[in-house]
Each structure stands twice: as structure tokens, then as C-alpha cells.
Amino acid sequence: MLTIEGRRPTNCKVNGFCDGHSRREFLKIGALGAGGMTLADLLRAEAEAKIGRSQKAIINIFLPGGPPHLDMWDLKPEAPSEIRGEFMPIPTNVPGIEICELFPRLATLMDKCIIIRSIADCQSGHVACQCMTGRKLSTNTERFHPSAGAWVSRLLNSANPGIPSHLSLMHKTSHKQWGDPGHGGFLGMAHAAFRLKGGKDENSASDTVKDRKLNGITLERLRDRKLLMQAMDRFKRDADTAGQMTGIDSCTEQALGILTSSSLTQALDLSQEDSKIVARYGQGDPEFRADGAPKLTENFLLARRLVEAGARYVSLNFSRWDWHSDNFNRARTDFPMLDNALSALILDLKERQMLDDVSVICWGEFGRTPKINSKKGRDHWSRVSAALMAGGGMQTGQVIGSTNRLAEVPKDRPVKFQEIFATLYHNMGLFPMPERVFDFRGRSQSPIDEGVQPLRELV
């Protein structure tokens, strides 16, 4: 489902907040890190490269429900049977790194990946905002703190005027948080996610651009660029005559710009993709199960196409990982699907010379209990979690942190969500921040708390 955010009120209040400043106010050109590049240098380099297909971007893959860390990335084959489970580790193409046997494709790409085994500041509930903002759930997180995608949108324009900088392929889910990509917070609606997917009661999960209309033109007919342009020209001409165009706010202008361009529609049209590439991602499952997301491997490919078209930040959710029962049979279905889709994405980015520019993060809100319960499942475990990262110019082919012999707690190098986000911002050229940003009370704000640094092993 294509959702265009509503008009921004003329009094500049959005969800009770207003930054009171234009997108480019308070711009401070400062060093971004390596080589002393400034934000202007970064944007200029992208423009001069004339590649047209690769720019700094982030793809955030959320596994809602809490994936089992010790069955995926941190197996303990020497642990008792009630801990180690039914799967065995396999070697990867990086000596000394082993992962679950159900991820054979990712095992061949481990030199392009990073495994973090010691995320140590998870909350015990299903708190998706940790993976969207880096912050724990609180009233401020819900109402105030922007998502990472909103920060990227605020600090970096899209590389293509017809593609929003911040896009979400996250399906709306019955458990609301699992389908929530975060919001614009005090940055405003203009930087909230432009949502491309609906829920099971709104449209088919396999049809991204179905059942939305603009002046009688469905999005199925957006491929007819000429017809759409004619309709929009008439709208703009009528609005100009009535003197209304001057009152259209930034959100509306963005929506009109997107809809008058074919870029977004083309990026979402998988019929334009090489059939061999589509097949590489595997066959997805569009069914919504319980309160989770469908298992659409195609969304991984759409994420690549959207980034290639100019998006800076794309989020997606995949399946439902709250496996309190039947953990291993569910894993036998979901692990291979994730293996296909995630390995295809990494390989795809590599083949298109995009991997050094695009950061990929795949994770959930917490880990699962080391001890298997009576229903052959694993319960919530907030003391440690794991993630897989790739690309972004990072030092790949390594594991960050470790856990004790039962995968209960970090043994060394505990990692915080904010450190991971600081690393992602660094990869984008946004750490330290190149621009001062103020909230609705005039206070200077940052996406990362003072003192938090990118993971030193990766940058």
C-alpha cells in the first residue's frame, strides 16, 4: 500500500511538535571523520561520480519477535542438549567463524559480513523501537525521538527527487510495534517513513502498488507516465489559477513530486528486474500469520532497487520470530528463506558495486532463552542478543563480542544499540553530525547520546 502522509498544518505543529526551522537552517559544514570530508564533499563526490546507482544508504532488516541468537549466529555445540538445540554449526569462508548449518549461502559470504554476538542492552518486551531509534521504549521515544530513517532524511537528501529519502517496506502487523518503522518525532512528518506496505486487511502483501487512487487514477496505472503527468498538469494549472499552490506545504510538495515521477513506480516493478536475479532471492510467502509480518523475500530485492533508485534509508520486516513453541521446525522454514534473501541482497549489492556504500543490518529486539522449554521453544531473553551486518565500507569478515558457554550473557565486548547506530551514521558520513538540529523547544539534539562512539573494530 502506498501511503502519502497528510498535509502539514499551516501552524507548523506536527504531532504536537515543531522544530521551527527549515531543512537547511543552522547548517554547519564540519569534518565527517576519515579524511576530513565534509557533508558538501560527500554530496559533491556522489554527484561527480556519475554512477547514478550507488550512494550512501542503509537497509534495516527487522526480524520481529526476537530471533533465537544461539540457533543462528552463536551456536554452542558443546553445551548440554537442552541448550544447544538441534542444529550444528558449519564453517564459513572466514577461518574460525561458524554459523548455523541452515545458512549455507551466508557462510560463503562471511568475508563481507560482521556478526555481533554481544548486544547487551535489550529490553525484555517486544520493543521494536530499539532497532529503529537505538533507544529504549519510553514516553519520549514514542512521542519525541525520531527514527534513524528520519535523521537520515533530515541530514541527507534523496539522491533522486522522485524517491523519498526515508522509505519503509514494513508491513503493518496486528502487534503494532512489529510493523512500526518509527516516526519523524520533533523533526516533523516530512521526515517520517514514506510507507509502501499495508496490512493484511488493507491489501495483498504481494502487491505493493495496488488499490490506491489519485484523481481517479489507480497506482496500477501509474506506469502510464503520460496519463499521470496530464492529470497532474491539470491539477497544478487549476491550483495556480486559484492561487493555491503557494499554500502547499513541504509534505504535499514532496508527495506531488513523487507521484509525478515514474522513479518510485519503476523501482517497485519487479517485472523490470532480471528474472535470474529475482529467482536468486527465493520464493516468498505472502501469508500473514498471527500478529507478525509475511515472509516476503521479494522485499529484500525491493529494498535494493529503492536504494539504487535514490533512497537513503529503507526498513523492512520479515516473518514472526516469537517462537515460544516449535522453535526448530519453524527455523527449518524461516532460516533458509532468510539465508536466500539476505545472501542474495549482499551479493546483489556487491555485483552492482554498491556494497561499500550501502550498510545492511539484520536483527531483532532481543535474544531467546538458552534453555529450551517444554514446548520445544525458547522464551524471551533480554540479557544478550545478536545481529548481522554487511557492507557500508566496514571492516567485515569478523565477529564482535562473545557470550559465555551457554550463550546467556556477554563474555566480552558488550555492545549497545546506540553504538551500532553510531556506526551506521558514521558509514553515512553523518558522525559526528554535520548540522545542528534543534527540537521544538530550541534545544540542540542528536540521534546518538553524548559519549557514544561507532564500533572501533568496524570503522
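Here, each number is a calculation from the coordinates, and none is a lab measurement. Predicted, not measured: the structure shown is a model, and the values here were computed from it. Virtual Cβ from ideal backbone geometry, glycine too; neighbours counted across all protein chains shown.
Remark: 263, 124, 118 ranked as 124, 263, 118, counting other beta-carbon atoms within 10 Å and listing the fewest first.
Just subtract the alpha-carbon distance of residue 395 and residue 275 from 0.36 nm times their residue separation and send over the number in nm, one decimal.
On the way: separation 120, 0.36 × 120 = 43.20 nm, distance 3.21 nm.
Separation in residues times 0.36 nm, less the Cα-Cα distance, equals 40.0 nm.
3J(HN,Hα) along segment 357-373: 9, 9, 8, 10, 10, 10, 6, x, 7, 6, x, 10, 4, x, 7, 6, 7 Hz, from the Karplus curve 6.51 cos²θ - 1.76 cosθ + 1.60 with θ = phi - 60°, whole Hz, x for Gly and Pro.
Size of segment 253-389: Rg and Dmax of its alpha carbons, in Å, are 17.3, 56. Relative to the current alpha-carbon distance between residue 88 and residue 138, full extension at 0.36 nm per residue lengthens the span by 14.1 nm. Ordered by the count of other Cβ atoms within 10 Å of each Cβ, fewest first, 201, 322 give 201, 322. Note on segment 321-459: Kirkwood radius taken over Cα pairs, Stokes-Einstein applied at 10 °C and 1.306 mPa s, translational D equal to 91 µm² s⁻¹. For segment 55-169, the fraction of C-alpha pairs more than 26 angstrom apart is 40%.
Once both labels are positioned 7 Å from their Cα atoms along Cα-to-Cβ, the gap between residue 406 and residue 324 label points is 2.2 nm.
Fewest-first ordering of 394, 170, 433 by other beta carbons within 10 Å of each residue's beta carbon gives 433, 394, 170. Alpha carbon centre of segment 334-404 versus segment 411-459: separation in Å? What the calculation gives is 21 Å, centre to centre.
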